[in-house]
1. So, in the range 426-456, exactly how many residues are part of a loop (DSSP other than H, G, I, E, B) and within 21 Å of residue 99 (Cβ to Cβ)?
2. Kindly provide the set of residues from the range 27-79 that are outside any helix (DSSP H, G or I) and either on the phi > 0 side of the Ramachandran plot or out of contact with any helix residue (DSSP H, G or I) (no Cβ under 8 Å at 6 or more places or on another chain) (or both), ordered by number.
3. Modelled with pLDDT of 95 or more and under 23 Å from residue 370 (Cα atoms), is that true of residue 436?
4. So which residues in the range 458-484 are assigned to a loop (DSSP other than H, G, I, E, B) and in contact (Cβ under 8 Å) with a residue 12 or more places away in the chain, if there are any at all?
5. Within the range 430-443, is even one residue under 20 Å from residue 227 (Cα atoms) and touching a helix residue (DSSP H, G or I) at 6+ places or on another chain (Cβ under 9 Å)?
6. Do you know which residues across the range 277-291 are on the phi < 0 side of the Ramachandran plot and in contact with a strand residue (DSSP E or B) (Cβ under 8 Å, 6 or more places away or on another chain)?
7. With the requirement that a residue be buried (at least 21 other Cβ atoms within 10 Å of the Cβ) and either touching a helix residue (DSSP H, G or I) at 6+ places or on another chain (Cβ under 7 Å) or assigned to a loop (DSSP other than H, G, I, E, B) (or both), what does the range 110-126 give you?
8. Please find, among 261, 278, 309, the residue that is without any contact (Cβ under 8 Å) to a residue 12 or more places away in the chain and more than 30 Å from residue 446 (Cβ to Cβ).
């Protein structure tokens, strides 16, 4: 069946919360309890988990997360404690579609002159350093204060990040291991052991301020990622390369308009693209949006008949939406926005209108979950179009998730060869709604729908046929590697 993520549409109609100015000192403990309760209650009212019989432990997990926040509140006296406690609450759901975006001044940071990270191989290495750091780039962290590096990360990082079993979480958030942001619920390491150039070294950590202007850059160096702009180019051997770094759900935004233009270009040049020696669908930097874009691209490359056949092959995949007044309001707003968006596809418009109407009818019947009707296209009278001559590669990085994963599932199912890095993973709960916290200090993202019978499992990543061993930011080296792949 056709599956279109709406995540991102709601962002066009719901403003982010802005931190309220306080007339005096902030009671961070009270703010924490108020916002944590709102997170718990918002998830209870608007997400599938609390009423889903296939997630029987959901409510107990959510209640336990809130109870832990309340227990910790007595130890929270500043922004750092507030942030850490809420991070742990969000992480407990182990769901990439349950997220928190805080609108607060950046927390000060301290570091020992270097940061370590993990690249999905279980090894913690120095990945960025100051010129006077006591260890060099590439030195392997073995242990701190007698605790193995992996165990230390499981204690000090994983509970505040979630989904630690996924390489994507360890790669993306592992750089926090030796970054002190004032979390009162963990102990900062003192003495560590490294392997460097074949020698074991003991290093006493001298913690110092990391300038605010450097924090984002240093963390990015522990989890390097490319974000090429939407567009296309042709390699020397005729390979057609398409940059698809975002699936922005609103076609009226700059990124949405760029996607509309790119797909129009692909449609006009369809015959030449399908006859090229290879096609690369470059998803570096893409972490979701609307899966309608990948549907449209599949129509161009493989043909509507083949794409429709893929939809029918997945007809057993069902979608159920949590019925609530708040979700209804968002879907109504999405329907209105799409009706006037010049780049919106007819498929998207019809689907959102159908969902909004179906949820309204379900609310009248008093049901908590509404099953979306199957929208798989009818079988064509004949399938005469040959498969593309081009070898089609789908290039992924470690943070591909949500609608990006839908693209990988669809394109691989149609015959594409996945290359690059292992993807992220997601649960069956998707399509995030957006709600400001009562304090105004941030925004909660939480899912509105759940998939049934999806072949790819709960928080299961997708591993490429050909793993790229280099730096995914080096496009020239990546292009040379792709040119040498089997065809």
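The values are calculated or read from the model by the stated rules, or taken from the named source; none is laboratory data. The model shown is predicted, which means the values in this text are computed figures rather than measured ones. Please note: Cβ atoms are built from the backbone with ideal geometry, for glycine as well, and neighbour counts cover all protein chains shown.
1. Number of matching residues: 10.
2. Residues satisfying the conditions are 27, 47, 48, 53, 54, 56, 57.
3. no
4. Within the range 458-484, 458, 459, 460, 461, 462, 463, 464, 465, 468, 471, 472, 473 meet the criteria.
5. The answer is no; no qualifying residue exists.
6. The answer is 277, 278, 279, 280, 281, 282, 283, 284, 286, 290, 291.
7. Within the range 110-126, 112, 115, 117, 118, 124 qualify.
8. On the way: 278 fails: without any contact (Cβ under 8 Å) to a residue 12 or more places away in the chain; 309 fails: without any contact (Cβ under 8 Å) to a residue 12 or more places away in the chain.
It is 261.
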